[in-house]
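Below: one structure, written as structure tokens.
The values are calculated or read from the model by the stated rules, or taken from the named source; none is laboratory data. Because the structure is predicted, anything quoted here is derived from the model rather than measured. All Cβ positions, even for glycine, are placed from backbone atoms using ideal geometry, and neighbour counts span all protein chains on display.
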Amino acid sequence: MRIFDPHIHMTSRTTDDYEAMHAAGVRAVVEPSFWLGQPRTCPASFFDYFDALLGWEPFRAAQYGIAHHCTLALNPKEANDPRCTPVLDALPRYLVKDGVVAVGEIGYDSMTPAEDAALAAQLQLAADHGLPALVHTPHRDKLAGLHRTLDCVHESSLPMDRVLLDHLNETTVKDAKDSGCWLGFSVYPDTKMDEDRMVGILRAYGTEKVLVNSAADWGKSDPLKTREVADAMLAAGFGEDDVDQVLWRNPVAFYGLSGRLRLDVPEANGLHEGNSVLRGGE
């Protein structure tokens with residue numbers, strides 16, 4: 001079984017997680033830029049973070065046989081902080097990098113005017129750079145947030161079929177599917193979706209353009225949830241081809257829209273800029 005986790009925050013995970021993910025069948029990941037957990041205070045802190053997603057993290061993933069790409073953006077939560085919004089002016093120099101396969105996470109957190117402006121600006125950046133967009137739908141008032149998101153996408157230059165609407169659930173899946181966008185579902189231990197609910201959605205809406213992710217980060221989350229969904233699908237009567245479509249071919253197709261997806265894992269050289277994943281060197 002081959003698995004592509006299309007949304008996981010490996011910067012906040014350990015090398016043990018990489019090892020366990022590889023053993024479970026994970027061979028590729030996309031890491032969207034996201035909120036630190038506490039406020040960033042200046043654009044420079046974003047730039048060091050972006051550089052790590054383009055350099056250190058792909059190196060770390062390669063040590064465990066996993067191809068790593070990223071999406072870059074000003075995330076919705078920090079779009080409300082005027083100390084952070086100058087990041088929008090600097091994004092173009094990062095969006096030309098080979099390892100960037102989409103603009104994201106963009107979207108809504110609290111559905112403020114500042115978030116409207118950041119979402120519109122970054123949808124345009126995606127269109128200008130020939131990239132798809134990974135859109136974070138809000139965790140609160142989800143259906144209203146989805147409709148506001150779709151209105152913004154409709155007003156942009158980016159086609160609907162180049163947009164992945166993430167963090168969907170039973171209340172938003174129908175309208176998201178009707179929009180023509182790609183459908184993303186995050187599977188968590190206690191919140192968001194779980195394996196059984198995900199199987200129910202796949203039975204009701206099919207496997208086309210559906211992506212399942214762990215969205216694992218620094219909170220209570222599980223980087224092996226993609227494998228658990230695959231096992232639940234098989235137990236529910238889905239075939240191996242269905243599992244491969246949802247857990248591999250769909251994320252490959254969506255992020256492949258960037259023209260930059262490279263699934264061959266780079267050679268796991270011992271050092272990255274003089275540093276090793278091993279304490280004390282080789």
Residue 33 vs. criteria touching a residue at least 40 places away in the same chain (Cβ under 8 Å), among the hydroxyl-bearing types (Ser, Thr, Tyr) and within 23 Å of residue 98 (Cβ to Cβ): yes
Residue satisfying condition, being surrounded by fewer than 24 Cβ atoms within 10 Å (Cβ to Cβ) and modelled with pLDDT of 95 or more, within set 96, 87: 96
Qualifying residue in the range 178-189 (condition: aliphatic (A, V, I, L, M), touching a residue at least 40 places away in the same chain (Cβ under 8 Å) and in contact with a strand residue (DSSP E or B) (Cβ under 9 Å, 6 or more places away or on another chain)): yes
Only one of 123, 134, 74 that is crowded, with 20+ Cβ neighbours inside 10 Å, more than 18 Å from residue 184 (Cα to Cα) and among the aliphatic types (A, V, I, L, M): 74
Subset of the range 193-207 [within 18 Å of the chain's Cα centre (by Cα) and either surrounded by fewer than 20 Cβ atoms within 10 Å (Cβ to Cβ) or part of a helix (DSSP H, G or I) (or both)]: 194, 198
Flag if residue 214 is surrounded by 14 or more Cβ atoms within 10 Å (Cβ to Cβ) and either touching a residue at least 40 places away in the same chain (Cβ under 8 Å) or on the phi > 0 side of the Ramachandran plot (or both): yes
Set 70, 84: member being outside any helix (DSSP H, G or I), in contact (Cβ under 8 Å) with a residue 12 or more places away in the chain and either in contact with a Gly (Cβ under 7 Å, 6 or more places away or on another chain) or hydroxyl-bearing (Ser, Thr, Tyr) (or both): 70
Selection from the range 101-114 of residues that are surrounded by fewer than 24 Cβ atoms within 10 Å (Cβ to Cβ) and closer than 19 Å to residue 71 by Cβ: 109
